[in-house]
Amino acid sequence: MATIGDFISIKKNDAYQNLIFGARYPSYINWSGFFIPDFPADGLCLETDFQNDIRDYTLARLETEPAVSKLFSLSAAELIGDRVSVAESVIDTGIFKTYSSVDQFLTILVQLRNKYEKDISFNYALALNTDNVGNLSSDAVNRIESLIQSDFFSSLTLYGDFNQQLSRVSFFLKLAKFYEMPINLHLAQNLQGQEKLPNLIDLLEPKKIIGTAEQLAKAMPLFKSKPVKAVVIPGYVKLEPQKNAENLRVLLDSGIKVQLCTDNLLFYNCSLSEFAFYLCNTTLFTKQELVSLLTASI
């Protein structure tokens, strides 16, 4: 039987890591200064509405440069502690309402990269909540436009309720495609938007689709023949390891390129090493198979 230590000892790659929600709850408390009411004792914050409430509070709390720098450093410490050597670290565009200058924010990211360059390499990416685009001020739209044009970020990930019209995000999509910035899709935890997924895949030509193993296994027929990577988040793996392993096995046996990620450590309380540990001990995977997933190129 494998242990978590077997996987911690391996240098690994995190294919999608939210830099804002990349610290576990104890570290988050240290940063925020207070407890979150009703936060689950097991650290598994899986209710979508609860996640959204925490997301809104956290983005509002990131009002100063020290607050941003400290939270990002806590996320970096979690990654380094798990021996992640390369991370695609995603920053929600909602944070940028705090900054009047794009350069001011990019400086923080450069400093973070330089501070930890001996331990980890950060590939920065953007995430855009499709639910909030209609409420963006003209200043916020201009800042996001500048970020896409900056050539600083490797990709743009869309998340939210894909049942709503994408016309309101079409400006950003066209801009990203003009600057040859890859588009990714992050499926909502509550499976909203699945019925529109065929059209989204054809329209956006995503490079990655991010979701639970169950979501991705269900959607697999829609992208199996396309050059799309399936990036699997922990989701319910701690509660239902066998089910997660079975769906991941379906993805791998189909020949689809698969990567593992932590997504939001604050919500799933699951490092890459823990993720691999739970999957390995279902006996559906060999340790070497999981090592291959952990070290797959981002």
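Among the residues in the stretch 67-87, are any in a helix (DSSP H, G or I) and either over 29 Å from S297 (Cα atoms) or touching a Lys or Arg at 6+ places or on another chain (Cβ under 6 Å) (or both)?
yes
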(request) Just one of (1) within 22 Å of I95 (Cα to Cα); (2) surrounded by fewer than 17 Cβ atoms within 10 Å (Cβ to Cβ); (3) at pLDDT 95 or above; (4) not charged (D, E, K, R) trips up F34, so point out which. (result) (3)
(request) May I ask you to list the residues in the stretch 221-246 that are open to solvent by 30 Å² or more (accessible area, probe 1.4 Å), more than 19 Å from the chain's Cα centre (by Cα) and not acidic (D, E)? (result) P221, L222, K224, S225, K226, P227, L239, P241, Q242, K243
(request) Give the stretch 100-111 a look and list any residue that's open to solvent by 10 Å² or more (accessible area, probe 1.4 Å), of a type in the set (A, V, I, L, M) and within 17 Å of S73 (Cβ to Cβ), or say none. (result) L106, V110
(request) Consider L44 carefully, then state whether it is open to solvent by less than 10 Å² (accessible area, probe 1.4 Å), of a type in the set (A, V, I, L, M, F, W, C) and under 20 Å from the mean Cα position of the chain (by Cα). (result) no
(request) Kindly check whether there is at least one residue in the stretch 118-126 that is assigned to a loop (DSSP other than H, G, I, E, B), under 24 Å from L204 (Cα atoms) and open to solvent by 10 Å² or more (accessible area, probe 1.4 Å). (result) no
(message) I'm told F171 meets every condition in (1) buried (at least 20 other Cβ atoms within 10 Å of the Cβ); (2) in contact with a helix residue (DSSP H, G or I) (Cβ under 8 Å, 6 or more places away or on another chain); (3) of a type outside the set (V, I, T) except one. Can you identify the failing condition by its number?
(response) (1)
(message) Quick check on my filter: what residues within the stretch 19-58 are β-branched (V, I, T), part of a loop (DSSP other than H, G, I, E, B) and within 15 Å of S75 (Cβ to Cβ)?
(response) I20
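The values are calculated or read from the model by the stated rules, or taken from the named source; none is laboratory data. Just so you know, these numbers come straight off a predicted model, no measurement behind them. Note that each Cβ is placed from the backbone with ideal geometry, even for glycine, and that neighbours are counted across all protein chains shown. What goes into the accessible areas is simple: the full protein's heavy atoms, side chains included, and nothing from ligands, DNA or RNA. Shrake-Rupley method; radii C 1.70, N 1.55, O 1.52, S 1.80 Å.
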